[in-house]
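**Q** Mind looking over this structure? Questions follow.
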Amino acid sequence: MIRALTIILVFSFVAVGCRSEMELTSEEKAKLDPGVQKILAGDESAMVDRTVRPDGTMEYGLVVRGSSPDDLKAAGINVVSAFGDVMTVRITRSQIKTLARISSVRSVETGNMSYPKSK
């Protein structure tokens, strides 16, 4: 009986730990613009720069506002460029949560798609 109760408690703690690992807090979600939230939810209708890596993983080009590109790099985020507090990154969907959890990140946005105008 005690062993069964112990097993149930262990699984309960593991389930709660996994859930908190997967979900973002409301403060972390607030850092993400609606387009980034669509990507995170698996909605591919967001207008965003995207490419497919050679391994088949979808990669997104996003704009990050924050105080430290080094914090992003330390978390394994591919920082393409940084100027002042604006950075561009190329990341996978799963890395969006990692990015939102970095304390020095203030916002994560989809970039604007620009096309040349014909004369």
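Each reported figure results from applying straightforward, stated rules to the coordinates on display, with no laboratory input. The model shown is predicted, which means the values in this text are computed figures rather than measured ones. Cβ: placed from backbone, ideal geometry, glycine included. Neighbour counts: every protein chain shown.
**Q** Can residue 41 be described as out of contact with any strand residue (DSSP E or B) (no Cβ under 9 Å at 6 or more places or on another chain), touching a residue at least 12 places away in the same chain (Cβ under 8 Å) and surrounded by fewer than 16 Cβ atoms within 10 Å (Cβ to Cβ)?
**A** The answer is no for residue 41.
**Q** Would segment 69-78 turn up any residue that is of a type in the set (A, V, I, L, M, F, W, C) and buried (at least 17 other Cβ atoms within 10 Å of the Cβ)?
**A** Yes; the residues of segment 69-78 include at least one that is of a type in the set (A, V, I, L, M, F, W, C) and buried (at least 17 other Cβ atoms within 10 Å of the Cβ).
**Q** Can you tell me which residue within segment 61-85, out of those that are hydrophobic (A, V, I, L, M, F, W, C) and touching a Gly at 6+ places or on another chain (Cβ under 8 Å), is farthest from residue 106 (Cα to Cα)?
**A** Applying the filter and picking the extreme gives 80.
**Q** Just for strands (runs of 3 or more DSSP E) wholly inside segment 73-119: which have at least 1 residues that are touching a residue at least 40 places away in the same chain (Cβ under 8 Å)?
**A** In segment 73-119, the matching strands (runs of 3 or more DSSP E) lie at 105-110.
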